[in-house]
Amino acid sequence: MKALLVGEYREGKLLETTYELIGFAQQLKAEFELFLVASEDQLPQVEAKLYLADVNEAKEYNPALHKQLILEAAEKAGADTIVFIHSSNGWDLAPRVALALSAAQISEVVEIKEDGYLLPACNAKLRRTVKAATGKQVITLQAGAFMPAEQSGAPQVEKLSITATAQTEFLGYEQAEAGEVDLGKAEIIVSAGRGVGKPENVAMIEALAKALGGEYGASRPVVDAGWAPHDRQVGTTGQTVSPKLYVACGISGAIQHLAGMKKSEFVLAINTDKDAPIGEVADVLVVADIKQFAPALTAKLEG
Amino acid sequence: MNILVCIKQVPDMESRFKVAASGTWFEESDLAWRINEYDEFAIEQAVQLKTEVSGADLTVLSIGPARVKEALKKALAMGCDRAVNLVDEAAHEKDSFQIASAIAAFAKEKNFDLIFTGMQSQDRGSGQVGVLVAEMLGIPALTTAVEFAYADNSVTVRRELEGGLRAAIKASTPALVSCQLGLNTPRYPTLPNIMKAKRKEMLEIPVADLLKEEARLTTLSLAYPEKKGSAQILEGDVADLVDQVIGILKEKTAVL
Ligand SMILES: Cc1cc2nc3c(=O)[nH]c(=O)nc-3n(C[C@H](O)[C@H](O)[C@H](O)COP(=O)(O)OP(=O)(O)OC[C@H]3O[C@@H](n4cnc5c(N)ncnc54)[C@H](O)[C@@H]3O)c2cc1C
């Protein structure tokens, strides 16, 4: 196997996820080279060949052009496996590259198996093992699933020349406004998930948070529905937290939520579904209706 | 304007899944089915666009067995004009490339100005179909949209990146937009609209008429995850559970 790893770079910085790609290739014991759209002062520390496209010309977002550049690098590297992170960058580019190479795409790999790759299915309640039926393959890795490689050495850089192609115009980045609460500092967080049922019930979770002396948080659907403000959202597209106690109320435990709270010291989950994937990170899973359990616990704590 | 929205019907994720005898998929009987969550945002955006632009026509498409007509009916009741079921009893055996090939073959000469899809499905989560359809049709794909605007043959989308960052991007039509959670607030079909939907066209096309491609991905097995967690599971009467939890918090954490 010969892999081409597509590194990540954003707002002028190399992203740490790039080292997860290298960690994956090392775990596979695969020969590898890298591709990156970046500036020359942001290269990964690795002893390997690196195909570099200058970000000033190729721009941070231009999938039609980046696809062409990746195909060129893959050809030069003689790569049969192209690897991305399953991120906003990876899931946008990988299918374009896969189609151009007539290759199978294997999305969101969490583990390497003897005969193939392991992927989550049905909100991680199940696991699917798959393999490519094609000579070439495109793989995306679940963020955080592979140990990042150690940072050492310097790449041998080959610069790619750029011919303009664009289907989409990049207008700029926007950062979500900082909210009032910094959940990152909270020692106790009680979060409401879709299982609370309706907007009024978020107050129940807030009351429990108060009784425990902590802050309340929320999963994404609760925020998307406008039941809680965005600064309360925990997860990959919200805040990353590591409190002493995290209480997940009616939260299934999707990977994007877990990524934001799995470093909590103690996790208590309340869920009607005994098989909910939150059980993977919880210390205690209480099988109960949150609408009954939360007020009862609050009353006991206050009483 | 000619609009297409592609949807998938998926099992309710709170279901108890059983691995089927084939060992490569789950048992489909006894499951409750619904529209893939991401696709509900796609339908809503397509319906909103249709109302903004006069004379727009909106087709909703789904690949699968007879049960997917329920999902299509809901989409019609939400405001789509006609439904197309690419009938396939073995849709779950197709990979993303085949699903996209069938959709692209259907869309090829129909000149859709805009195609909406969800960014991924809840059961497989591959996140490939939308981008593949766009690439097959040679039109731009704008993925992971959390904001959408259309004006004068061009679409502007805010795509969601990690950690609260968004990127504003723009393309001219024809184009495909893949929709992320929170893009809008999907409507609930009203009773009069559910009645009206019954009279709307529901076209059936055997998938074999459109799909000539072999799968590129082989599923070897489907299984339960090896239990990594060691969660203590508490069940029973709520009052007892409360006492137990307080006991555990006192013993194992420093918060009480
Ligand atoms: C790119 C991307 C980024 C994302 N970013 C985030 C993020 O930052 N944060 C985030 O949270 N999600 C994020 N998501 C969404 C994520 O995939 C899940 O959809 C989401 O976390 C689910 O939220 P939930 O657990 O509240 O809802 P659900 O998955 O619907 O789960 C509800 C749970 O409540 C339980 N329940 C139902 N009724 C009751 C009751 N009466 N009592 C107790 N339990 C009950 C159910 O058994 C179920 O387990 C992202 C998704 C994508 C694709």
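The values are calculated or read from the model by the stated rules, or taken from the named source; none is laboratory data. Keep in mind it's a predicted model, so treat the numbers as computed, not measured. Here Cβ is always computed from backbone atoms with ideal geometry, including for glycine, and neighbour counts include all displayed protein chains. These accessible areas exclude ligands, DNA and RNA; they are computed on the full protein's heavy atoms, side chains included. Shrake-Rupley method; radii C 1.70, N 1.55, O 1.52, S 1.80 Å.
Observations on the structure shown:
- When A:136, A:159 are compared by accessible surface with a 1.4 Å probe, the order from highest to lowest is A:159, A:136.
- The stretch between residue A:244 and residue A:1, if pulled fully straight at 0.36 nm per residue, gains 83.1 nm over its current Cα-Cα span.
- Placing a pseudo-label 7 Å from each Cα along the Cα-to-Cβ vector at residue B:194 and residue A:75 gives an inter-label distance of 5.7 nm.
- Using alpha-carbon coordinates, inclination of helix B:238-252 to the longest axis of chain B, degrees: 70
- With all protein chains in place and a 1.4 Å probe, the accessible surface of segment B:2-209 carries 49 percent carbon and sulfur.
- Mean partner shielding of peptide B:154-164, defined as the number of other chain Cβ atoms within 10 Å of each residue Cβ, is 6.
- Estimated translational D of segment B:2-209 in µm²/s (Stokes, Kirkwood radius over Cα pairs; 10 °C; 1.306 mPa s): 92
- The phi-based Karplus calculation (6.51 cos²θ - 1.76 cosθ + 1.60; θ = phi - 60°) puts the 3J(HN,Hα) values of segment B:158-174 at 9, 9, 8, 9, 7, x, x, 8, 10, 10, 8, 9, 9, 8, 8, 7, x Hz, whole numbers, x for Gly and Pro.
- The mean number of partner chain beta-carbon atoms within 10 angstrom of a residue's beta-carbon across peptide A:210-218 is 1.
- Label zone of residue B:22 (point 7 Å out along Cα→Cβ, amide N under 20 Å): in segment B:105-142 this covers B:121-129.
- Computed E for residue B:227/residue A:300 - FRET, C-beta separation, R0 35 angstrom, nearest 0.05: 0.70
- Peptides A:102-111, B:107-116 ordered by average Cβ neighbours within 10 Å, highest first: A:102-111, B:107-116
- Share antiparallel - DSSP beta bridges, the protein assembly as shown, percent rounded to 5: 35
- Once the C-beta distance of residue B:32 and residue A:29 is scaled by a Förster radius of 45 Å, the resulting FRET efficiency is 0.50 to the nearest 0.05.
- Accessible surface for the protein assembly as shown, divided over its residues, is 42 Å² per residue with a 1.4 Å probe.
- Folded to 0 to 90 degrees: helix A:90-100 orientation relative to chain A principal axis, Cα: 40
- Where the Cα pairs of chain A fall when distances are cut into 10 Å bins, in %: 6, 25, 27, 22, 15, 5, 1, 0
- Cβ-derived FRET efficiency at R0 51 Å, residue A:39 paired with residue B:238, nearest 0.05: 0.30
- Kirkwood Rh in Å, taken over all unlike Cα pairs in segment B:98-196: 14.6
- Residue-averaged beta-carbon neighbours from other chains (10 angstrom radius) around A:90-102: 5
- For chain A, the share of accessible area belonging to carbon and sulfur comes to 46 percent (1.4 Å probe, ligands and nucleic acids excluded).
- Model label points for residue A:147 and residue B:185, set 7 angstrom from Cα along the Cα-to-Cβ axis, are 4.8 nm apart.
- Helix axis angle, A:63-77 relative to chain A longest principal axis, alpha carbon, degrees: 60
- Hypothetical label at residue A:166: residues of segment B:162-190 whose amide nitrogen lies under 16 Å (7 Å Cα-Cβ projection): B:167-173
- Summarising the label geometry, the points placed 7 Å from Cα in the beta-carbon direction at residue A:112 and residue B:172 lie 4.7 nm from one another.
- You can think of it this way: the chain between residue A:174 and residue A:275 has 32.6 nm of extra reach, that is 0.36 nm per residue less the Cα-Cα gap.
- Segment B:2-209, relative contact order in percent, only Cα pairs under 8 angstrom and at least six apart counted: 26
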